[in-house]
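The values are calculated or read from the model by the stated rules, or taken from the named source; none is laboratory data. Everything numeric here is computed off the predicted structure, so don't read it as measured data. Positions of Cβ are generated from backbone atoms using ideal geometry, with glycine treated the same way; all protein chains shown enter the neighbour counts. Accessible surface areas use protein heavy atoms only, side chains included; no ligands, DNA or RNA. Shrake-Rupley method; radii C 1.70, N 1.55, O 1.52, S 1.80 Å.
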Amino acid sequence: MMKFRCPLLVYPSGIVFSMMGIIAASMAATLVPPKLIPLPRIAQLRKGERYHVTCSTSDGSSPLTFSWSKDGETVEPRENPPSPTEIGIRRLDEFSTSLVVEDVQEQHTGNYSCTVANAAGRDSGTTSLQVLFPPIWVRPPSDVSVVSGSKINLHCEAKGSPKPTITWRKNTDFSAMDFEVVHSDGRLRISDDGQSLKIPEAKKEDEGFYECHVTNGIGDQLRKSIRVEVQVPPRVAAGPSSMVVEKNKDVNIQCNMTGDSPLNIMWEKNGRPLESRKPKIQIQEFPTDKGVTSSLLLLHADRGSSGLYVCKAKNSYGESYRIINVDVVEIPGHPKDLIVSQIWSRSLQLTWVSPYHGNRPITAYIINYWKTEGKSEPPPEKPDELRIASLQTVAVVSKLLPNSIYSLYVMAENEVGVGPPSETVTATTREEEPDWVPTEVTVIDKHATSAKLRWKCPQKSAWNAPLKGYYVGYKRLSTKTAYTYRTLSVNACKDHQEFLLQGLQRASSYMIIVKAFNHVGAGPASEQVVVHTADGGPPRTPHVKVIQTGGVTCNLKIWPRENSRSLPTAFVIHVREQNGDRHNIHVSVLPSQNYSVGGLSPGRQYEIFVTAKNRFGDSAASATIKIITDQTDPSLLEPSAEPVYAKMYFVLPIVLSAIAIIIMPLIACYCHNKLNPRPITTELIEDRDFLYAAATLHRLEATLRRASQASATMSRPVPARTSSLPRPSRSGRVITTTLPKPEPQPVPEPEPSPALPTSYSTLQNYGTAIAENEPSTPPVNKATISVPDDNRYDSVVEEMRTFIKDKGSIKPKKVEAEAEEVEDDSSDDGS
């Protein structure tokens, strides 16, 4: 029994589902491969009979698939063929099939194989069919008339089943019909199957009647007689074909001739008959045992004696001749009028005028050529060489490079040597389309509707013209439609080129080719590359929003984009401390869309971005969010040893309230005095055991108003402060003396909180996800409002504290001083 593991899926809500995987392995184990009943080894039938063979299985699981083949080629499964001479395939039942030929012919001979297959395996068997028929002519023998010394080929080809036996017979007497069996010997050769008889060199004794017998034991035998005739034409024995002489020397040319009489002998020079009556020419004939010897004597040979001499022999059966070239040996001159008549991208055509041949035929022209940079450069030590082994004066120089400059010259060659070169000509080949096939075409990335391709760029020598770009062709796999091309324009090409092919269909297969092109045309296509697009794509970039930050945590809201075809299955939160390493947190998609990143350090700057992922890949990164954690976290601070009543946030409201209670009666008295003026006396204004000038009351009222406005605008109680500096009078002396400003009481600083770990690996709650129904980290202020210090607030507080502490200790001021100060205030207000 196979053991399976049950996968556990843990969802964010904490519910665990157990999924049992049941695999039907037992079903595959019960499949039985097919097994064929052996077929008959061979069947022999006569032409016209019926052939029937059955292919059955003795074992094997259904369904079964049968197929037939003849000599390795599949037979089309036709149950009712249109002709009785064609092969029919019939399915008898689920476990057997048959092959039937109603009218057996010669072409049905061969090996027939039956193959059966199912999901578990396959089996096959082979049987042979031999169709018996009497021999028939394929190529019957025919009469032959040959010249002595040539080949005799006699053919007697026939076919039959079984294979027929062929016998050759010969009769050397044309008047009698007595034939004798011919066997292979040193001159006469009979093939192993007897279908040919060959005589490499015919002689007169080979003449006669030849008969071919064919039989195979089926039906009647074949027989045919032919006549072979051997003729002996004249023959001039071989001799030297060329003679080199010096001027004023005698030349003796002899020809030995054989053949049936009478023989007619004659000499020619350059196609014209020679006459022995000329003073420098003598012709003589001498009989021999096998024929005649003719001699030509040239006396005092000069340049005019050079030429082609021919001795001929002729009779009723033909003629024979021998050519002797007589000349004075010289190297040829230099070719003249060399020009470039045609120019192509990889070849060009040269024409020239033949030079003086030196009384010897020019055996070859040698063309030397080399690539230049556009200037008249001397040829290299070993330039490229092209030999033209003929007398033509037109040649095509190939295997050149497009858009290149070449220099060329021509030299003539004969048996003596190579002549001087011609003048040098220069030509530039034309441009052509690239001959480079893009290589290493690969798919480096693919999505649902696009594929990113990469291929190796060609060398500049293979451009054949300035490269303009590439054509990227694509079409659906297994379709006969033409390729659709996209154009990639390039100005330069590095080692590799990349292209993003878009507009593809999801879950489809495409064949892709790449061509390079220039202004002339496109080059050859690369090998086909098959790409299979996915049925979906990676998710889109998610939305990210910071909800709250604390000293060691950051709460985020992450949700996918709307109208996204490929939804994410997970998010990856990328966190990096400033100048630190990056850490990736993999979280599942939560319905609440709320996530908490823990394990941060207080007062540090972090960069956070999020990517989404699914089975098709990862999305692009979201915008990077920079946060700064709080300097302190209330959840991490230890209780302070300072009592609550010593805190500024406790003392300051009480002090302000006391100031308001004290100042309000003073304001009421001041208003009463203004409404009910009384004579100014030297007595001091006294109220509630302390003296205060009117100007001082005015300042306190303004101070109270500023303090109330500041407390209304602040997010935390902050005592209003005011400046209380002494002002000089017009005379330069100080009229009003402010209360002494005691030293501010130091506020004890809280004890430093324990150091938080800065390494992510030691944090227990780093990257934990918080669901909607789970308690999260206590909210921490995202930002702390810092209020700059103001000496005005400190002075008022200190004044009130000193006043309450030392009330009644201040001596009263004179009315004159107060009046003078009020006058100074009015002057200041007017100014």
Can you tell me which condition Ala620 does not meet? The list is (1) surrounded by 14 or more Cβ atoms within 10 Å (Cβ to Cβ); (2) out of contact with any Gly (no Cβ under 6 Å at 6 or more places or on another chain), and all the others hold. (1)
Scan the range 114-142 residue by residue and report those that are farther than 30 Å from Tyr210 by Cβ, part of a strand (DSSP E or B), open to solvent by 20 Å² or more (accessible area, probe 1.4 Å) and of a type in the set (A, V, I, L, M). Ala117
Answer yes or no: is there a residue in the range 544-560 that is of a type in the set (Ser, Thr, Tyr) and in a strand (DSSP E or B). yes
How many residues does the range 242-289 hold that are touching a Lys or Arg at 6+ places or on another chain (Cβ under 8 Å) and either surrounded by fewer than 16 Cβ atoms within 10 Å (Cβ to Cβ) or outside any strand (DSSP E or B) (or both)? 5
Can you spot a residue in the range 391-401 that is of a type outside the set (A, V, I, L, M, F, W, C) and closer than 30 Å to Gly523 by Cβ? yes
Of all residues being charged (D, E, K, R) and free of Cβ contacts under 8 Å to residues at least 12 places away in the same chain in the range 250-278, which is nearest to Leu296 (Cα to Cα)? Just the residue, please. Glu275
Tell me, yes or no, whether the range 209-221 has at least one residue that is modelled with pLDDT of 90 or more, open to solvent by less than 90 Å² (accessible area, probe 1.4 Å), among the aromatic types (Phe, Trp, Tyr) and farther than 30 Å from Gly160 by Cα. no
Candidate set: the range 310-347, residues that are among the polar types (S, T, N, Q) and touching an Asp or Glu at 6+ places or on another chain (Cβ under 9 Å); chosen: the one most open to solvent (accessible area, probe 1.4 Å): Ser316
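Does Asp384 meet the test of being open to solvent by 60 Å² or more (accessible area, probe 1.4 Å) and in contact with a helix residue (DSSP H, G or I) (Cβ under 8 Å, 6 or more places away or on another chain)?
no
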Quick check: anything in the range 619-628 at pLDDT 85 or above, over 19 Å from Pro542 (Cα atoms) and in a loop (DSSP other than H, G, I, E, B)? no
Could you list, in sequence order, the residues of the range 505-533 that are of a type in the set (A, V, I, L, M, F, W, C) and either surrounded by fewer than 19 Cβ atoms within 10 Å (Cβ to Cβ) or touching a Cys at 6+ places or on another chain (Cβ under 7 Å) (or both)? Ala507, Met511, Val520, Ala522, Ala525, Val529, Val530
Looking at Asn171, is it closer than 27 Å to Lys224 by Cβ, over 60 Å from the mean Cα position of the chain (by Cα) and open to solvent by less than 50 Å² (accessible area, probe 1.4 Å)? yes
Which of the residues spanning the range 107-153 are in contact with a helix residue (DSSP H, G or I) (Cβ under 7 Å, 6 or more places away or on another chain) and at pLDDT below 90? Val131, Phe133, Ser148
Could you please give the count of residues in the range 348-370 that are open to solvent by 10 Å² or more (accessible area, probe 1.4 Å), without any contact (Cβ under 8 Å) to a residue 60 or more places away in the chain and part of a loop (DSSP other than H, G, I, E, B)? 7
Counting only residues that are assigned to a strand (DSSP E or B) and open to solvent by less than 20 Å² (accessible area, probe 1.4 Å), which one in the range 294-309 is nearest to Gly259 (Cα to Cα)? Ser294
The one condition Lys468 fails out of (1) in a strand (DSSP E or B); (2) modelled with pLDDT of 90 or more; (3) open to solvent by 80 Å² or more (accessible area, probe 1.4 Å) is (2)
Pick from His583, His574: which is outside any loop (DSSP other than H, G, I, E, B) and in contact with a helix residue (DSSP H, G or I) (Cβ under 9 Å, 6 or more places away or on another chain)? His583
Looking at the range 411-431, can you tell me whether even one residue there is among the charged types (D, E, K, R), outside any loop (DSSP other than H, G, I, E, B) and closer than 27 Å to Gln502 by Cα? no
Reported set for the range 317-347 where residues are in a loop (DSSP other than H, G, I, E, B) and aromatic (Phe, Trp, Tyr) is Tyr317, Trp344
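Is it fair to say Thr442 is more than 30 Å from Thr428 (Cα to Cα) and either small (Gly, Ala, Ser) or modelled with pLDDT of 90 or more (or both)?
Criteria met by Thr442.
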Please go through the range 534-591 and give me each residue that is aromatic (Phe, Trp, Tyr) and open to solvent by 60 Å² or more (accessible area, probe 1.4 Å), ordered by number. Trp559
Out of Glu373, Glu415, sole residue that is open to solvent by 70 Å² or more (accessible area, probe 1.4 Å) and either β-branched (Val, Ile, Thr) or within 30 Å of Asn270 (Cα to Cα) (or both): Glu415
Report yes if some residue within the range 546-567 is small (Gly, Ala, Ser) and closer than 25 Å to Gly503 by Cβ; otherwise report no. yes
Only one of (1) open to solvent by 70 Å² or more (accessible area, probe 1.4 Å); (2) at pLDDT 90 or above; (3) outside any strand (DSSP E or B) does not apply to Leu400, and that is (1)
